[in-house]
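This report concerns only the one structure given below.
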Amino acid sequence: MLFSFFTNSFTEEFKFQKHDRHLQLNTRSKTNLIPKKLKIEIFQSSLHQEEDEDELRKLLLSDIGELTLSPPSATQVNFVSYFITDFTKPGHDHYIYRHANGLCVVGLAPTHIAFKDQGGITNIDFNVGKSDRSVLKVSGKRKKNAMRSESNTALCKVSTAIDSYIVRCCVKGSLLEVNERLIKQPQLLNSSADREGYIAIIMPRPADWTKNKESLITLEEYKDKKQDGLLEPCLL
Amino acid sequence: MSDESKPAPGGLLNGLETQKTRRVNEAARSLHPSAVKDLLSLGVCERCILRLVTVTATFDSDLATVSSSTLRGWLGSGVEEAASPEPSICIVCLGVLQFVFSDAKQTLVKSDHVAWITDLVKQQGHEFDSFVLEVSLPSTISENERAVLLYLKGKYSDEAWLQSEKVSVKDALKVLVLDPLRASLGAKSDSSSFHIRLTYSQASDEAQGLSETKHERKKRKTDIPTLADFSSAIFRVFYADEENGSNCMSENPFKKVSEPCILSVHCNKMPIFFGGRYFKYSRNVSQSRWIIDDERMGEASVEEIIGGSILPACLGDSYKFHAAGREDIDVRMLGSGRPFLIEVQNSRKCPSQQSLTEIEEKINNSEKKLVGVKDLKFIGSECWAMMREGEAEKQKQYAALVWISRPLEEEDCNSVSSMKELKILQKTPIRVLHRRSQLERERTIHWMKVEKIKGNAHYFLLHLCTQAGTYIKEFVHGDLGRTTPSMGSILGCRAEIIQLDVTDVKMGDS
């Protein structure tokens, strides 16, 4: 019985010593219980750990060569920007950011007539046409129950203090999502219409897109067209 | 029935002989002479006769040694000798139990069947010390057997030997072939991962023996009903009702079998697994092969680099790559590496640990240094448990280079570091929305740490530890506001992610 008590305490002590990174050698009798080879191994593994961490840091910082002052934004890197001006009515300018996977983010371009009104946009209403666009729920990978929209299907109605304007899809495809945050925070449209203030995400079919593309203009052409200084720096 | 205990192993040869002859004599006595004569005249081989007519439950190699002439001898005089110089092919087993078969080119195989099979197995080049034998026979054999049994029932109804359970052709073949094959290959035949499959198939498309099943008819390329179809249809109408079997035929409907079956031998080894951890040092290497419109995206792939080195060492047919999670093509995998499995199909030999270590070194010391491997080793059946281990609790650690639109301040570092177990809501990112469902996912950021970069207040290194399934890039730049809270909203400015590295993939407790 005495022997078993001895071995139990030995194993517990042993475990404690093994996990401790810096060996705490309390009494000489306990030190003698740990074989010398293990002591060396434990010490070496802790050294390796520090070495590995140093290696990692070197790798992480290796690419930090030149850090530009203002790197391109995520939207600029991942999306191709298109614009459409005077859609169905003069002054109704929209942007369409198309991702490499085919999805299009649609919103108001900075030269949209709604921004010219005093006080900017105060309200947005998705209940236009036949249904409320903000309650549609698309399910599954195949995007069932998505509303099929044409380019002139009404998306929402933005209102300012003076007037209200209808925003249309501009792209023919399935409507996947509308930005319902705008309902509670319509000022997003005034502050960042090109990022958090996007209106909707539409998934066009490849055939529809190639046809649609012909009526759109690129960023360069858009800048040329609207050269009367209404462009905001965030678009650059 | 007398107690037929098997002879003790290592018993005296004389003892064995007498046991064997006693059993054979027993079998001989139990035979019904006129039934045997009938079957012989129909063209059934001696082994099938013994299978169908004896009362003994087991058919073993002792009975197999009974040849056609011995059988006739038992029946005494009055049996006409077979006039054909060559033994005809049995109409029931189609030559399978007589070891008469053709090779792939449809030429009759003259050499000893065991030697022939052994040769083919050795040609395929597998290393093995045990095997499992599988046999596949054409379905007409069971049809033939059923027809013959019905015929016998019609003629000799209610005999004792008709009622007993018959040993199937497949079992009989296995009994006959297993021992000699074991000796010839020098291997055991217990449960093993190496399978030898003997496939017998019919030479021609014509109905052989009696009838052709629907399954085999589907395999025929043309759909024109032939005379064989009609005749077999008629026979099936007759045989459908077993009770009326005795009224059926007056003449011999069993056609002669002209060609033996074609035997092909296939060897297959169960897949073997190798595991380890991999590192990805390049931002232009995808995890698995990625080809769009015949054009490869990225320079290479982790799957091809690792699998392509292991496959030649195993002499396998193909490989599959499984990893515990994945990362984008422009994200490096550093730190402790990501666990992965390589599954090799039909490997011919299992490489030693030494050669695995050599492969590991070769990959790590390659010129381009795109991928690294650690702890490459052979893994047994616990491989899937290893992959699934701690999947739900998997935590990942990342280091991201972040840019913000305003200079970093001290209180930003503190506020970020103080956020523990931050819950974020992520809508499916736009970059994957085309192939994943529109869902709102709640994830946890366990901790974050800001590391300042000397000389530049707009950039910093963000270390974070998150729950599995978190989209880091979207957490930093906000994904047009669809991920809340994001790095930008926490710091109150615009934030962009410049580069991302995975620094740790924690598996369970390790």
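The values are calculated or read from the model by the stated rules, or taken from the named source; none is laboratory data. Note that the structure is predicted; figures quoted are calculated from it, not measured. Every residue, glycine among them, receives a Cβ derived from its backbone with ideal geometry; neighbour counts consider all protein chains shown.
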Given (1) at pLDDT 70 or above; (2) surrounded by 12 or more Cβ atoms within 10 Å (Cβ to Cβ); (3) within 44 Å of the chain's Cα centre (by Cα); (4) not in a loop (DSSP other than H, G, I, E, B), A:G91 misses just (4)
Would you confirm whether any residue within region B:312-334 is basic (K, R) and under 29 Å from B:I196 (Cα atoms)? yes
What single numbered condition from (1) farther than 30 Å from A:R205 by Cα; (2) buried (at least 18 other Cβ atoms within 10 Å of the Cβ); (3) out of contact with any Gly (no Cβ under 9 Å at 6 or more places or on another chain) fails to hold for B:F475? (1)
Per the filter on region B:339-366, residues farther than 19 Å from B:D317 by Cα, touching a strand residue (DSSP E or B) at 6+ places or on another chain (Cβ under 7 Å) and either among the charged types (D, E, K, R) or loosely packed, with under 15 Cβ neighbours inside 10 Å (or both) are B:Q353, B:E360, B:N364
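Every residue, every condition in (1) β-branched (V, I, T); (2) in contact with an Asp or Glu (Cβ under 9 Å, 6 or more places away or on another chain); (3) under 18 Å from A:Y198 (Cα atoms), yes or no:
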position: A:D52; (1), (2), (3): no, no, no
position: A:N78; (1), (2), (3): no, no, yes
position: A:F126; (1), (2), (3): no, yes, yes
position: A:G129; (1), (2), (3): no, no, no
position: A:L136; (1), (2), (3): no, yes, yes
Please determine whether any residue of region B:291-303 is of a type in the set (D, E) and within 30 Å of A:D54 (Cα to Cα). yes
Scanning region A:54-95 residue by residue, those more than 10 Å from chain B (Cβ to nearest Cβ) and of a type in the set (V, I, T) turn out to be A:V80, A:I84, A:T85, A:T88
State yes or no: is B:E145 outside any helix (DSSP H, G or I) and over 30 Å from B:Q123 (Cβ atoms)? no
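Results for (1) more than 23 Å from B:Q499 (Cβ to Cβ); (2) within 14 Å of another protein chain (Cβ to nearest Cβ); (3) touching a helix residue (DSSP H, G or I) at 6+ places or on another chain (Cβ under 7 Å), shown as yes or no for each residue.
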site	(1), (2), (3)
B:I310	yes, no, yes
B:H322	yes, no, yes
B:G325	no, no, no
B:D330	no, yes, no
B:G335	no, yes, yes
B:L341	yes, no, yes
B:S355	yes, no, yes
B:I363	yes, no, yes
Applying the selection to region A:179-212, what residues are within 26 Å of A:N145 (Cβ to Cβ), within 11 Å of chain B (Cβ to nearest Cβ) and assigned to a helix (DSSP H, G or I)? A:R181, A:L182
Considering (1) surrounded by fewer than 20 Cβ atoms within 10 Å (Cβ to Cβ); (2) at positive phi; (3) more than 26 Å from the chain's Cα centre (by Cα), say which one B:G125 fails and leave the rest. (3)
Output the number of residues of region B:105-118 satisfying the condition of being in contact (Cβ under 8 Å) with a residue 24 or more places away in the chain and touching a Leu at 6+ places or on another chain (Cβ under 9 Å). 5
Qualifying strands (runs of 3 or more DSSP E) (wholly inside region B:406-497; at least 2 residues being over 50 Å from the mean Cα position of the chain (by Cα) and within 14 Å of another protein chain (Cβ to nearest Cβ)): B:440-453, B:456-467
Within region A:131-146, which residues are of a type in the set (S, T, N, Q) and either at the interface with another protein chain (Cβ under 8 Å from one of its Cβ atoms) or over 21 Å from the mean Cα position of the chain (by Cα) (or both)? A:S131, A:S139, A:N145
Within region A:96-120, can you find the residues that are outside any strand (DSSP E or B), without any contact (Cβ under 8 Å) to a residue 60 or more places away in the chain and within 14 Å of chain B (Cβ to nearest Cβ)? A:A100, A:N101
